[in-house]
Amino acid sequence: MTGGGRESEGGEEEVRGARRIPGPRGAADDLDLASVPLPPLPPPGGTAPDEAVPEQSQPASASGDAPESDAGEPEADLEPDPAAEAWPEPGPWPEPEPADGHPQPAAPEPEPAAPAAEAWPEPGPGPETVDGTPEPPAPDPLVSSAPVVLPHQVLKALLGAWALSACSAEETAAVEDHLTGCAPCADEALRLRDAVGLLHTDGSLDLDPTLRTRVLDGCFGRRPARIPVPEWAAPYDAETARLDALLRDIGDSEWHAPVRLQWFEEERRVSRRTTVAGVIGHLMAVDGLLSAALGLDDPLDGGKAPLDPTERTETYWSATRRPPTRAVREPWRAQSHELIRTASFAGRNVAETSVSYGAFALPLQDAALDRAFECWVHGGDIADAVDYPYPAPSAAHLHRMIDLAARMLPAALAGRRSAGLAGPAKDLVAAGAPGRSLHLEIEGHGGGDWYIALDSPAAVGAPERAVAQVALDGVEFCRLVAGHISPVEAAAGQEGDREAIRDVLFAAASLSRL
């Protein structure tokens, strides 16, 4: 080397461009390892000797001198590349040099094999070991593109995990491929996916109040009942079942939760304090009036018990030596079942059987509707006491309850007029003739239009004789009839004769009782 090493720099660049043994490469890129034998590995703990790598040189010139670079300087001797020494590429080993020391012309290097695929890029330089040699590359992972073949029973067992998106990619592909050809598994997978959707709902967990009706309708649609429940008894059947579901869901201590019952007497609101068990005892005592009308056992002494609902309740409460507990639920529920069963077996004529309430009487079909209304109202009282959700009845049943109250309003208004609590009649007409009327418009749930006769209970309400109009929500009107809100708070819209409006609203509140 002369010239301060400047000439050697150019020589090194020329040597770097010379062909040499390639660096290590992944075997899967170029060769099929199954068909090419691998060379023996170097002994552990050492590196391959320098003689294992032949010297790279150009063919000798005619004069036998060493080849020179473009700058006229002899090419510098190079140290063997340690990367090339460690892992030579599989193939024919180079021929050893002759004994005279003259290099032989380098054999043409074979063309490298085309890469198998572009999916796996050629690995770059790997980490080096302690002695400076690069570590051998890790073998390429074997990727199998063949689909997973699973038997039918295994795929059927995986449907639940598939619906929850808990399967692996191979299992998911196998299950979905199986669902395209197996109709029973496809139906089951659809049902499981629907069930998973219910697990993630943000809605209320309380049962739909119409669930029982829909289930019964579905059952009766497939196989009608041999002896169906009469249509007029359906509201009582539904409301007792809803209240029983509430009672089953509360604890023992909640049966002693305080409940305040409210109703109107004349012009003022009256209340009575009791417990959840006391409310159920009250319902059982008044339901005894219907039991007596059907010839069943009265929970009170049928020959001596009073007929007035309030007096019957007071008699029952005073006869109880200890405060009632949840044990009262079973006799009350058995009584309601017996009433519905007896009414179903009795036929159509039983609907007109008179049920006496002491001061007035109702046919059995209206009495059952009245008991359904009171069961719903007191069920709401219990729900408020124990902080339990309790929606309104179905629209069809609520409409019938409102209709019963509207039909009872003319008689209630006449009774208040005879007691001096309502204005005098202004236009008396013959029985059955249209008279002055108030248009009662019920909006929303269970709504409709009713025309209330104002001057005589025997008159007929008619749109052409309407002198006033009151608009109310259906649930609010029922709360007014139950005595839970005052008449002043009830009317959302009023138009026409103010005196007639006041008389009808107070008459509606007077229908309430304990």
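The values are calculated or read from the model by the stated rules, or taken from the named source; none is laboratory data. None of the values given here were measured: they were computed from a predicted structure. Cβ atoms come from the backbone with ideal geometry, glycine included; neighbour counts cover every protein chain shown. For the accessible areas, the whole protein counts, side chains as well, though only heavy atoms, and no ligand, DNA or RNA atoms are used. Shrake-Rupley method; radii C 1.70, N 1.55, O 1.52, S 1.80 Å.
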Name the residues in the stretch 243-263 that are buried (at least 19 other Cβ atoms within 10 Å of the Cβ) and assigned to a helix (DSSP H, G or I), would you?
-> Leu243, Leu247, Trp255
Would you mind stating whether Pro389 is at pLDDT 95 or above and open to solvent by 20 Å² or more (accessible area, probe 1.4 Å)?
-> no
For residues that are in contact (Cβ under 8 Å) with a residue 60 or more places away in the chain and under 14 Å from Leu511 (Cβ atoms), tally how many sit in the stretch 392-414.
-> 7
Pick out the one residue from Thr274, Thr325, Thr310, Thr315 that is among the β-branched types (Val, Ile, Thr) and more than 45 Å from the chain's Cα centre (by Cα).
-> Thr315
Subset tally (residues that are in contact with a Gly (Cβ under 6 Å, 6 or more places away or on another chain) and aliphatic (A, V, I, L, M)) for the stretch 265-324 = 3
Scanning for something assigned to a helix (DSSP H, G or I) and of a type in the set (Val, Ile, Thr), does the stretch 402-411 turn up at least one residue?
-> yes
Pairs with Cβ under 9 Å, 6+ apart, first in the stretch 362-376 and more than 17 Å from Asp308 (Cα to Cα), second among the polar types (S, T, N, Q) and open to solvent by less than 20 Å² (accessible area, probe 1.4 Å) | Ala372/Thr240; Cys375/Thr240; Cys375/Ser336
Report, ordered by the first and then the second residue, all pairs with beta carbons closer than 7 Å, sequence separation of six or more or different chains, a first member in the stretch 329-353 that is touching a residue at least 24 places away in the same chain (Cβ under 8 Å), and a second member that is among the β-branched types (Val, Ile, Thr) and crowded, with 17+ Cβ neighbours inside 10 Å.
-> Arg329/Ile280; Trp332/Ile280; Ser336/Thr240; Ile340/Val229; Ala343/Val350; Ser344/Val229
Scanning the stretch 444-456 for residues that are surrounded by fewer than 17 Cβ atoms within 10 Å (Cβ to Cβ) and modelled with pLDDT under 90 gives Gly444
In this structure, is Gly461 open to solvent by 10 Å² or more (accessible area, probe 1.4 Å) and under 30 Å from Arg248 (Cα atoms)?
-> no
Got at least one residue in the stretch 396-416 being open to solvent by 40 Å² or more (accessible area, probe 1.4 Å), at pLDDT below 95, in contact with a Pro (Cβ under 9 Å, 6 or more places away or on another chain) and within 15 Å of Val475 (Cβ to Cβ)?
-> yes
Would you mind stating whether Ala500 is crowded, with 23+ Cβ neighbours inside 10 Å, in contact (Cβ under 8 Å) with a residue 24 or more places away in the chain, in a helix (DSSP H, G or I) and in contact with a Pro (Cβ under 9 Å, 6 or more places away or on another chain)?
-> no
Taking the condition under 24 Å from Thr325 (Cα atoms), without any contact (Cβ under 8 Å) to a residue 60 or more places away in the chain and open to solvent by 60 Å² or more (accessible area, probe 1.4 Å), does Arg273 pass?
-> yes
Which is under 26 Å from Val377 (Cβ atoms), open to solvent by 20 Å² or more (accessible area, probe 1.4 Å), modelled with pLDDT under 90 and not in a loop (DSSP other than H, G, I, E, B), of Glu489, Glu441, Glu476?
-> Glu489
Picked from the stretch 337-357 (must be small (Gly, Ala, Ser) and farther than 19 Å from Thr240 by Cβ), the residue least open to solvent (accessible area, probe 1.4 Å) is Gly347
Any idea which of Leu283, Leu261 is over 15 Å from Pro323 (Cα atoms), of a type outside the set (Gly, Ala, Ser) and out of contact with any strand residue (DSSP E or B) (no Cβ under 8 Å at 6 or more places or on another chain)?
-> Leu283
Confirm whether Leu398 is of a type in the set (A, V, I, L, M) and in a helix (DSSP H, G or I).
-> yes
Which helices (runs of 4 or more DSSP H) sit wholly inside the stretch 112-213 and have at least 2 residues that are closer than 30 Å to Ala238 by Cα and at pLDDT below 90?
-> 183-199
Boolean, Glu330 is within 30 Å of Gly415 (Cβ to Cβ) and either touching a Gly at 6+ places or on another chain (Cβ under 8 Å) or among the charged types (D, E, K, R) (or both) = no
